[in-house]
Amino acid sequence: MAPSPDSYHPNWHVRAITAPGPDSDLTLHVSFDNARFLFGCGEGTQRAYNQKRLTLKGLSGIFVGSGDAKGRSGLAGVLMTAADAGISKVGIVGPPDISHYLSTLRSSVIRDSLNIQMSAYPRNASTGEVVEMFKSPNITVSSLALTPQPIAGPSTTPYDVFDPHSSAFRPSRLSPVDAQKWCDAIVGDMFHNGPKARASRRPHSPRGSPNRPANPFVNPDGTLCTSLPDTRYPLPVPSREEVETQMVYFCHTPDVRGKFNVEMANKLGVPKGPIRGKLTRGEAIEVDDPGVEGGKRIVKPEDCLIGGGPGSIMIVVNCTTQTKSALLESPAFAKYQHSDIEGRGEGLHRAHLIVHKVTSSVWRSEEYQSWMSAFGDRTQHLIAETEEYPDRTVFNSAAWNTLQLSLLDPQVFSPPFVTAPHLPSTSLPPNTSLLTEGSYCRMHPPADVTTLPHHEKDIPFLYTHSDAEEARAKIRQDMPEYAQAVDAAREAVSSDPRTTGSSTPRPGDDITVTTLGTGSAIPSKYRNVSSTHLDIPGVGGIMLDAGEGTLGQMRRKFGKAGLKTLFEELRMVFISHMHADHHLGLTAVLEDRFRVSHLECTVMYSERCLKLIPCDPSIASLQHGISSPLFVIAPSNIALHMQETEQNLCEALELTFGSSYRSADQTRDLNRLLKDLDLASIWAPTVPHRGRAYGFALEHTSGWKIVYSGDTKPANILVEAGRDATLLIHEATLEDDKPEVAAHKGHSTFSQAIDIGKEMNARHILLNHFSQRYPKLPKLPEPVPEEDGSTTAQPVVSISFDFMSIRVKDMWKMAHYMEPMSMLFAEAEEEGEGEDSTLGAVKGDINPSVDGGAHVQVNGGGKSNKSKSEKKSGKNDKQKSKDNTDHNRKHISNNESAQSNGQGVQGTKQDIKVIKKTAALEYLAAGSTTTTTTTLEQEQGSGQAKRAGSPSMIQPEAKRRSTDSSAGQAEGGEGEGLDDKLDVC
């Protein structure tokens, strides 16, 4: 039986899950026997937990360290994962604008089952005041807000009276205190903290109805529906001071009661029985003693308990150059400093650990190190450097996979090499260490700071670009059978007529597609959530969706110099719909591109689109030196989110909202978009999904056409929009044996996606958005033999991987690569829904003290419960697949000749033996013009065909994060999207 979270368990430790880096921020995992807490929650936190084989089970509180986005951008993903795993209540503590931040996500982050206990640092607190923010049986956390010097004087803008039932109510005109009250109510509606009606449950009141409420937030029965997103009613933007606020957290645990000393109790005359239990619970008692006045003597707990003492204390400091003086001048630390002196005074405490999230210029300063030394020799310090950090990958599994794939084609599969993976040599103050991923400190019983060894399935990826050939040679040495298959595939590519012959270039052949995130719903170790980048010569870059962690993926893929070039050439961003896995990373991408001193831009939107255009690029002064315009086409709630977002982005954007942006403006702006990108047409049809969603079709004047499905069931309107497409990028969430599941969730199966491509006569089909149950290699359907005499050219079909970059004209090569890929990802055993799996990260627990040593089953449990008949059926299916291999090989050998030249190469018919034949191999190999003939033998379970320490895994179906926030929208809110062709003349 798991320990109750309502009781005190003194044993606890602190572990750094992630450290500041290109694709991560500081996340501390604080673990008690019966509860977990997070300090810091940057983008990729939930994915990092999966990578580190940890769980969120028992999560009780999240503490956000500052008002900037980087340290809290993973909050939404963690909360939704926690809710889907059955966690019912989580406390969130943060700076004054933390409830505002969550409120800006109300369009896409809603979970009825999760009770959020908000605790934002009060805006009306005195400067330097320490406020108790969180209390549980295990820990009490107080906070101090470090605010930079005010940039401007007090606001002279008059505020409205807080009356949300009024027709004149506008959240943007509320005072900071009232705005916090309103945002707290929004969070309550988002996470169902009380009997509040959600937007999607509002009764509809037709325009002109006598019962029509005064404003969109008022229900006909008078209750409030605060979480309704409406572009006419934006929230106020946080001030610069709030965005730059840094938090200090003082974490105290209760005093540890000692062990009851029976001998001492007997000497003191404590009678046996329940009265001794009072002493163990910390209560004083009275015992009979004729030798004292009154005949009663008081016995205190410490008289009979040995081995107890004060509870451990941890302090987490977030500090920047702007807030350093506020930190060093604060009297709040006096009681923790010099506490190592014997006979310490009343009210003095000794901190066992202080974690400093600071810049180099802060902690290296003489005054800061003097301040650190004042805590005494027994206090340990961990410095999380936010600027000069080592460049280490967090998601090692994806990095190793890409390195292994790079043996096939290093241009297509370019690993996310690091630059400086090792800690810099530097002089540190006493008792001080630089924090890295895996830094660990046991708080009770107390121990020194150390670094945990890496898990055997989480081997650090430390290769730099200069180590590339050495790394590939090591792969070849360790995986000889895979290396043999790679050589055969590369030889097949080099002898293919499309390599050796000359063909007339077609429009779009030179477009490069980079898949930054190819998973669905929630990220896994191997696949991040949705994002694709198109590099189009002569046009620039186009980004299709931007799920959480997209900026980190871009930094890893392109490096500093490459990212600067990408931002310079980025011309358009398209967001397909408001599901979190498609847009939560957009703000970080835009902030990084528009990192400015002064930049004037205009953001315009209508019910159909959103567009960003710099007004005067010549005056722009950006971190990246970028002055080119950027167009964003997205649902209008993206515009609402951007308007309400952090000050540093809003200062980069001169926001224009309201009824003034009508069809004439849209026509003008779309004409400019078409002209600037030399496009013939843009079409964003509404596609069938859970909630409002859009596909996207771009046609260039040169003749190429790119079609993107977003999330959708098979849709005829997408076929119409994509007729004769050069490239179709289509979601393929589920395999073919789950059509009912796909239909219910608004997705497509592999065959359905391919059929859509065939119907629209697409030349190339790239499949992505795979369910996390297929973390490595999705299983595609077997090819259907063509009828004799058929002249219909089959599309080139490819699957996608994170960090893959491939030109359209090279996609045919993937057919040759599938055989070694299939071998690389062959499973020695199917791990099913183990602790590795995406939802397994919250279903099970590797800490046996939490669940009594057994996997806790949540929403179906962590182990497969297949019946004997089901298992037998599965074996029969595998046997059928094996029996069909020869037939498919013959079909492949006699399939159509190369599309480009119409030339044919007769393949041989030697048997090919592999451990696990996947349908993906069979289908994609059908696009190959030659047949690879080799024998690949491997002892099942030997593990030689995969990297030691990083076995693949089969993950369970990830619960879809679905919110249809568009339902029940107020008139004038969310629009219908670009349902018509936008080929404006």
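The values are calculated or read from the model by the stated rules, or taken from the named source; none is laboratory data. Since this is a predicted model, take the numbers as computed values, not measurements. Positions of Cβ are generated from backbone atoms using ideal geometry, with glycine treated the same way; all protein chains shown enter the neighbour counts. With ligands, DNA and RNA removed, areas are computed over all heavy atoms of the protein, side chains included. Shrake-Rupley method; radii C 1.70, N 1.55, O 1.52, S 1.80 Å.
Is at least one residue of region 47-55 open to solvent by less than 10 Å² (accessible area, probe 1.4 Å) and at pLDDT below 90?
First, the residues of region 47-55 that are open to solvent by less than 10 Å² (accessible area, probe 1.4 Å): 47-51, 55.
Checking which are at pLDDT below 90 leaves us with 55.
So far as region 47-55 goes, yes, one or more of its residues are open to solvent by less than 10 Å² (accessible area, probe 1.4 Å) and at pLDDT below 90.
Of the numbered conditions (1) assigned by the TED database to the domain that holds ALA680; (2) open to solvent by less than 10 Å² (accessible area, probe 1.4 Å); (3) touching a Leu at 6+ places or on another chain (Cβ under 9 Å); (4) not acidic (Asp, Glu), MET479 fails exactly one; give the number of that condition.
It is condition (1) that MET479 fails.
Within region 747-754, is even one residue in the same structural domain as PRO537 (by the TED database), farther than 23 Å from ALA815 by Cα and out of contact with any Phe, Trp or Tyr (no Cβ under 8 Å at 6 or more places or on another chain)? Write out each step before concluding.
At the first step, the residues of region 747-754 found to be in the same structural domain as PRO537 (by the TED database) are 747-754.
Next, from what is left, pick out any that are farther than 23 Å from ALA815 by Cα: 747.
This time we only want the ones that are out of contact with any Phe, Trp or Tyr (no Cβ under 8 Å at 6 or more places or on another chain), so: 747.
Yes: one or more hits.
Of all the strands (runs of 3 or more DSSP E) wholly in region 284-386, which have at least 2 residues that are open to solvent by 40 Å² or more (accessible area, probe 1.4 Å)?
Values: elements: 285-288, 296-299, 313-318, 353-358, 380-385.
Correct list: 285-288, 296-299.
In this structure, does LYS758 turn out to be modelled with pLDDT of 95 or more, of a type outside the set (S, T, N, Q) and out of contact with any Leu (no Cβ under 9 Å at 6 or more places or on another chain)? Lay out the reasoning, then the answer.
On the way: modelled with pLDDT of 95 or more: yes; of a type outside the set (S, T, N, Q): yes; out of contact with any Leu (no Cβ under 9 Å at 6 or more places or on another chain): yes.
Answer is yes for this residue.
Quick test for you: out of THR226, THR280, THR245, pick the one residue that is among the β-branched types (Val, Ile, Thr) and more than 30 Å from VAL14 (Cα to Cα). Spell out how you get there, then give the answer.
Numbers: THR280 fails: more than 30 Å from VAL14 (Cα to Cα); THR245 fails: more than 30 Å from VAL14 (Cα to Cα).
Answer to the selection: THR226.
Within region 488-515, can you find the residues that are open to solvent by 70 Å² or more (accessible area, probe 1.4 Å) and over 27 Å from SER822 (Cβ atoms)?
Here is the first cut: in region 488-515, the residues open to solvent by 70 Å² or more (accessible area, probe 1.4 Å) are 490-491, 500, 502, 504-506, 510.
Those that are open to solvent by 70 Å² or more (accessible area, probe 1.4 Å) and over 27 Å from SER822 (Cβ atoms): SER502, THR504, PRO505, ARG506, ASP510.
Hey, can you tell me all the residues within region 667-711 that are of a type in the set (S, T, N, Q) and either modelled with pLDDT of 95 or more or in contact with a Phe, Trp or Tyr (Cβ under 9 Å, 6 or more places away or on another chain) (or both)?
The first filter runs over region 667-711 and keeps only residues of a type in the set (S, T, N, Q), leaving 667, 671, 681, 686, 701-702, 709.
Scanning region 667-711 gives THR686, THR701, SER702, SER709.
What number of residues in region 121-150 are open to solvent by 10 Å² or more (accessible area, probe 1.4 Å) and assigned to a strand (DSSP E or B)?
Number satisfying all stated conditions: 9.
Could you count how many residues in region 80-120 are assigned to a loop (DSSP other than H, G, I, E, B) and within 17 Å of LYS181 (Cα to Cα)? So that I can check it myself, show each step before the final result.
First pass over region 80-120, keeping only residues assigned to a loop (DSSP other than H, G, I, E, B): 85-88, 95-97, 104-114.
Narrowing further to those that are within 17 Å of LYS181 (Cα to Cα): 95-97, 104-106.
Final tally of qualifying residues: 6.
Exactly one of (1) touching a residue at least 40 places away in the same chain (Cβ under 8 Å); (2) open to solvent by 20 Å² or more (accessible area, probe 1.4 Å) is unmet by THR518. Its number?
Result: THR518 fails condition (2) only.
How about region 742-773: which of its residues are open to solvent by 10 Å² or more (accessible area, probe 1.4 Å) and either under 13 Å from HIS689 (Cβ atoms) or of a type in the set (A, V, I, L, M, F, W, C) (or both)?
ALA743, HIS744, LYS745
If only one of GLU242, GLU263 is within 34 Å of the chain's Cα centre (by Cα) and part of a helix (DSSP H, G or I), which one is it? Working first, answer last.
Numbers: GLU263 fails: within 34 Å of the chain's Cα centre (by Cα).
Being within 34 Å of the chain's Cα centre (by Cα) and part of a helix (DSSP H, G or I) holds for just one of GLU242, GLU263, which is GLU242.
Taking MET578 and the conditions (1) among the aliphatic types (A, V, I, L, M); (2) under 14 Å from the mean Cα position of the chain (by Cα); (3) open to solvent by 10 Å² or more (accessible area, probe 1.4 Å), which numbered condition does it fall short on, given that it satisfies the others?
(2)
Which of the residues spanning region 517-539 are of a type in the set (Gly, Ala, Ser) and at pLDDT 95 or above? Show your work before the answer.
To start, the set of residues in region 517-539 that are of a type in the set (Gly, Ala, Ser) comprises 517, 519-521, 524, 530-531, 538.
GLY517, SER530, SER531, listed by residue number.
With (1) under 23 Å from PRO10 (Cβ atoms); (2) assigned by the TED database to the domain that holds PHE39; (3) at pLDDT below 90 as the list, and LYS335 as the residue in question, which single condition is left unmet?
That leaves (3) as the condition not met.
Return yes when HIS356 is in the same structural domain as TYR49 (by the TED database), touching a residue at least 24 places away in the same chain (Cβ under 8 Å) and in contact with a strand residue (DSSP E or B) (Cβ under 6 Å, 6 or more places away or on another chain) and no when it is not. Give the steps one after another, and end with the answer.
Details: in the same structural domain as TYR49 (by the TED database): yes; touching a residue at least 24 places away in the same chain (Cβ under 8 Å): yes; in contact with a strand residue (DSSP E or B) (Cβ under 6 Å, 6 or more places away or on another chain): yes.
So HIS356 fits the description; yes.
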